[in-house]
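Notes to accompany the following structure.
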Amino acid sequence: MIKLENISYTYPFQSQHAIQDLDLNIVRGEAIAVTGASGCGKSTLLRLINGLIPWYFQGELHGTVTVNGTANHQRCLHAISRDVGTLFQDPEQQLFALSVEDEIAMAHEWRNVPAAQIRSRVDQSLERLGISELAGANVHHLSEGEKQKVALASILSLDPRVLILDEPTANLDPESALDIAQTLSKLKQAGMTLIIVDHRLYWLTDIVDRVLIMEKGKIVHSCPIGDLNDDSLRQGFGLRRINVDDVRSQLPSSNSRGSEHIVAKDLHFGYRHGPQLFSALDLKLPRGEVIGMIGGNGAGKTTLARLLTGLLRPQSGHIEIAGERLTGRQLLRHASIVLQNTDHQLHMKTVRAELAAAANGAAAGVNEDEIDATLAAYKLSSLAERHPQSLSGGEKQRLVIACGHVRRPRIFILDEPTSGLDGANLEIIADNLRRLAAEGACVLVITHDLELLASTCTCAASPTTPLRSPCSQAASHHA
């Protein structure tokens, strides 16, 4: 079905190969997981298969990529897309319409499919992903996880022979990840070829036939996923665990912890023309703890983070720190927030300049020595003079978190800080969050990452009360 022969590829203006001397054969109906440390070439491999290389990304390509019997360089990108569907890591990159059903219908309209068939395919695709209730929703009002599902529904409605998924669970709660796993299992049984790039591996144990581990642009190891139970093998490549416990129901409530709190009292909030998200919400967040903010996709976690940091104003109610009632402007002086899309938060010409700009917003002065120490803590010292947009995804993630950290905030909120991170990068982030909490900050982590929750969080909070009960199937998933 897919064959890569003696492939080497170098991006424009780069001197090092992104892929080097790579051969790969994937048979029809096979499910492959591709993993490895950030920057190892996983995304480049996907771009070779779906034709973005060479038809969008230019660069220097040697070798032949064949999909469904035809070499990619012999047909145009839209012809390749009839065989290969791709779910990108950032779903916003592939959403073009305003409403969910229009988004799914759009590609069929371009292909001149009759209206009745379009209606049927839209309905079937929405039902397959369990999002029929979102049919008329504005895509800009969806959570990141909901956008991910809409993008996948749009792809599956086109019935591709090959489905490529780049970090498909990065923004999904464990229950939604389980739903995606079940959907992919059915697609595999129906004969679809699956290529899944992911750092989170626990949800793939019953789907993939083999795992390809990449390093420096090469496939350095191929094995059944069960072989990654070997800690020395897994840690040697900086990979995530395949056995993950769900501790969400075991973490104590943040309301019962600590002596000095950030307190939200009687919060009411809803977006204009939308439903009320919070009604009389009371919440206590203690200092000195790493708090996991948990709840399903669309539960209001990101909205609550924006309220707690002063980026949004509640319709009524207020927020206190150490008993002092603060305005939104005052909250911004004491808070740092790291949002999901790192590119929206990087504006300077060098990594060091990003940290210096962030330090200027600190409530107390931050000197050069502290900036150097923060660079070192996040393993960014060697990248200090690099342009932020030239970094890998994992490096950008560490940088935006370092920028929030260097401000020495009293409350530090991170929205999915480990999405798309390998095992080694996850540990760097986890170590620094624990250190910041030990220094007296309130660290609030909005996350669906069960590994991060288990290794870092000491208590839990939720925008809804009581905390949601985890799905029994996802409560503890073992290979």
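Ser15: small (Gly, Ala, Ser), outside any strand (DSSP E or B) and within 22 Å of Ile242 (Cβ to Cβ), yes or no? Criteria not met by Ser15.
If you check Val208, Val220 for being farther than 18 Å from Ser38 by Cα and not in a helix (DSSP H, G or I), only one passes: Val208. Among residues of the range 78-99 that are within 20 Å of Ile2 (Cβ to Cβ), those with a Cβ under 7 angstrom from a residue that is assigned to a loop (DSSP other than H, G, I, E, B) and open to solvent by 30 Å² or more (accessible area, probe 1.4 Å), sequence gap 6+ or separate chain, pair up as Asp83/Asn68; Asp83/Arg161; Gly85/Leu158.
Within the range 209-231, if we keep just the residues that are among the β-branched types (Val, Ile, Thr) and open to solvent by less than 20 Å² (accessible area, probe 1.4 Å), the residue that is nearest to Ile242 (Cα to Cα) turns out to be Ile225. Taken as a whole, the structure places Glu103 among residues that are of a type in the set (D, E, K, R), more than 29 Å from Pro12 (Cβ to Cβ) and open to solvent by less than 30 Å² (accessible area, probe 1.4 Å). Using the structure shown, decide if Ile196 is surrounded by fewer than 21 Cβ atoms within 10 Å (Cβ to Cβ) and either assigned to a loop (DSSP other than H, G, I, E, B) or modelled with pLDDT of 95 or more (or both). Judged against the criteria, Ile196 is not a match. Which of the residues belonging to the range 30-42 are out of contact with any helix residue (DSSP H, G or I) (no Cβ under 8 Å at 6 or more places or on another chain) and outside any strand (DSSP E or B)? Across the range 30-42, the qualifying residues are Glu30, Cys40, Gly41, Lys42.
Might you check whether a residue that is part of a loop (DSSP other than H, G, I, E, B), surrounded by fewer than 13 Cβ atoms within 10 Å (Cβ to Cβ) and modelled with pLDDT of 90 or more occurs anywhere in the range 350-370? Checked against the condition, which is being part of a loop (DSSP other than H, G, I, E, B), surrounded by fewer than 13 Cβ atoms within 10 Å (Cβ to Cβ) and modelled with pLDDT of 90 or more, the range 350-370 yields no hits at all. The C-beta contact set for the range 394-409 (first residue modelled with pLDDT of 90 or more, second residue of a type in the set (Lys, Arg) and surrounded by fewer than 24 Cβ atoms within 10 Å (Cβ to Cβ), distance under 8 angstrom, 6+ apart or interchain) comprises Arg398/Lys379.
Leu158 falls short on exactly one of the conditions (1) under 17 Å from the mean Cα position of the chain (by Cα); (2) open to solvent by 20 Å² or more (accessible area, probe 1.4 Å); (3) within 20 Å of Glu146 (Cα to Cα), and that condition is (1). Just one of the listed residues (Gln330, Gln345) is of a type outside the set (Lys, Arg), more than 27 Å from the chain's Cα centre (by Cα) and open to solvent by 10 Å² or more (accessible area, probe 1.4 Å), namely Gln330. Residue selection: Thr64 satisfies the criterion of being surrounded by fewer than 16 Cβ atoms within 10 Å (Cβ to Cβ), among the hydroxyl-bearing types (Ser, Thr, Tyr) and not in a loop (DSSP other than H, G, I, E, B). Say whether the condition of being farther than 28 Å from Val445 by Cβ, part of a loop (DSSP other than H, G, I, E, B) and modelled with pLDDT of 90 or more is met by at least one residue in the range 169-186. No, the range 169-186 contains no residue that is farther than 28 Å from Val445 by Cβ, part of a loop (DSSP other than H, G, I, E, B) and modelled with pLDDT of 90 or more. Looking at Gly310, Gly292 in this structure, which one is assigned to a strand (DSSP E or B), in contact with a Ser or Thr (Cβ under 8 Å, 6 or more places away or on another chain) and either buried (at least 20 other Cβ atoms within 10 Å of the Cβ) or without any contact (Cβ under 8 Å) to a residue 40 or more places away in the chain (or both)? Being assigned to a strand (DSSP E or B), in contact with a Ser or Thr (Cβ under 8 Å, 6 or more places away or on another chain) and either buried (at least 20 other Cβ atoms within 10 Å of the Cβ) or without any contact (Cβ under 8 Å) to a residue 40 or more places away in the chain (or both) holds for just one of Gly310, Gly292, which is Gly292. The condition (being within 30 Å of Ser38 (Cα to Cα) and open to solvent by less than 10 Å² (accessible area, probe 1.4 Å)) is satisfied by just one residue among Ile242, Ile337, Ile321, Ile262: Ile242. A single member of Glu146, Glu167 is touching a Ser or Thr at 6+ places or on another chain (Cβ under 8 Å), of a type outside the set (A, V, I, L, M), in contact (Cβ under 8 Å) with a residue 60 or more places away in the chain and buried (at least 19 other Cβ atoms within 10 Å of the Cβ), and it is Glu167.
Let's see how each residue does on (1) modelled with pLDDT under 95; (2) of a type in the set (Gly, Ala, Ser):
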| site | (1), (2) |
| --- | --- |
| Leu46 | no, no |
| Gly51 | no, yes |
| Leu61 | no, no |
| Val65 | no, no |
| His73 | yes, no |
| Leu77 | yes, no |
| Gln89 | yes, no |
| Val100 | no, no |
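Is it the case that the range 151-173 has a residue that's farther than 26 Å from Gly41 by Cα, β-branched (Val, Ile, Thr) and touching a helix residue (DSSP H, G or I) at 6+ places or on another chain (Cβ under 6 Å)? No, the range 151-173 has no match at all. Which one of these is open to solvent by 50 Å² or more (accessible area, probe 1.4 Å), of a type outside the set (Asp, Glu), more than 26 Å from Leu129 (Cβ to Cβ) and out of contact with any Phe, Trp or Tyr (no Cβ under 6 Å at 6 or more places or on another chain): Arg234, Arg257? Of Arg234, Arg257, the one residue that is open to solvent by 50 Å² or more (accessible area, probe 1.4 Å), of a type outside the set (Asp, Glu), more than 26 Å from Leu129 (Cβ to Cβ) and out of contact with any Phe, Trp or Tyr (no Cβ under 6 Å at 6 or more places or on another chain) is Arg257.
The residues in the range 53-80 that are more than 31 Å from the chain's Cα centre (by Cα) and either on the phi > 0 side of the Ramachandran plot or among the charged types (D, E, K, R) (or both) can be counted, and the count is 3. Being within 29 Å of Leu233 (Cα to Cα), polar (S, T, N, Q), touching a His at 6+ places or on another chain (Cβ under 8 Å) and open to solvent by 10 Å² or more (accessible area, probe 1.4 Å) is a property that Thr35 lacks.
The values are calculated or read from the model by the stated rules, or taken from the named source; none is laboratory data. From a predicted model like this one, the values you see are computed outputs, not experimental measurements. Ideal geometry is used to build each Cβ from the backbone, glycine not excepted, and the neighbour counts take in all protein chains shown. What goes into the accessible areas is simple: the full protein's heavy atoms, side chains included, and nothing from ligands, DNA or RNA. Shrake-Rupley method; radii C 1.70, N 1.55, O 1.52, S 1.80 Å.
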